[in-house]
Amino acid sequence: MRARYIIGTGLILGALVVVSVVTYSREAVAYFTVDELYEQAGEQAFALGPAALAASPLAERSLQVRGEVDVATVDRGEDGLQMRFELTGKDGRLPVVYRGLVPDTFDQAESVTVGGRLDSDGAMAADELFVQCPSKYEAVPPSAADGAADAYGGAEQPAGVDAASLDALSPQNFDASDAATSDEG
């Protein structure tokens, strides 16, 4: 009787492991830069271009590929839901056909990551588009910082704004309890 429980428990655990491994392997997404994608496709892939990617085993997998957008190749569809462009790496180029909503920050992107599969021509048929925007917290040169301090703390006020309005917005005049009570009503 005890042996049956041990065997039954073993079979159930074994089945769970098999289901987990199969599910994970189907949903696993490989992540590459454009150049790494070409390196994985083989020695001649850079020379052959996207056609080499279509013939590689990578064409059967879900991929995420990161690169810089060649602005000259961006072609937005008339419906606003399809866009063609090329991702570039140091040596390789990857044509991308993206279908979906384009993030507002796409035009300012430093690099882009697309997710999808390679089609029969070696182009990326993307259904995901992730944009990496330029950093908002870049160092400000000292001369620009002095100019900003003069603009906000100096004698000149922005056009149409009086000094009393700016003083009312200063952190010293902000009371957190006022903000909490205004949200309740």
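Yes or no: THR113 closer than 20 Å to GLN40 by Cβ and among the β-branched types (Val, Ile, Thr)?
yes
Failed condition for SER56, given (1) surrounded by 17 or more Cβ atoms within 10 Å (Cβ to Cβ); (2) touching a Gly at 6+ places or on another chain (Cβ under 9 Å); (3) at pLDDT 90 or above, with all others met?
Result: SER56 passes all but (3).
Can you tell me which residues in the stretch 96-133 are among the hydrophobic types (A, V, I, L, M, F, W, C), farther than 22 Å from ALA51 by Cβ, touching a strand residue (DSSP E or B) at 6+ places or on another chain (Cβ under 8 Å) and assigned to a loop (DSSP other than H, G, I, E, B)?
Listed by number, the residues that qualify are VAL102, ALA109.
Could you figure out which of (1) part of a strand (DSSP E or B); (2) farther than 27 Å from LEU48 by Cα; (3) among the acidic types (Asp, Glu) isn't true of GLU78?
Condition (1) is where GLU78 drops out.
Any residue in the stretch 68-88 that is surrounded by 10 or more Cβ atoms within 10 Å (Cβ to Cβ) and at positive phi?
No.
What's the number of the only condition in (1) surrounded by 15 or more Cβ atoms within 10 Å (Cβ to Cβ); (2) in contact with a Leu (Cβ under 8 Å, 6 or more places away or on another chain) that VAL29 fails to meet?
Against the list (1) surrounded by 15 or more Cβ atoms within 10 Å (Cβ to Cβ); (2) in contact with a Leu (Cβ under 8 Å, 6 or more places away or on another chain), VAL29 comes up short only on (1).
Residue by residue through the stretch 75-117, note down the ones that are in contact with a helix residue (DSSP H, G or I) (Cβ under 6 Å, 6 or more places away or on another chain) and more than 21 Å from SER62 (Cα to Cα).
LYS90, ASP91
The values are calculated or read from the model by the stated rules, or taken from the named source; none is laboratory data. The shown structure was predicted, so the numbers you read here are calculated from the model rather than taken from an experiment. Quick reminder, even Gly has a Cβ in these numbers, built from the backbone with ideal geometry, and neighbours come from all protein chains shown.
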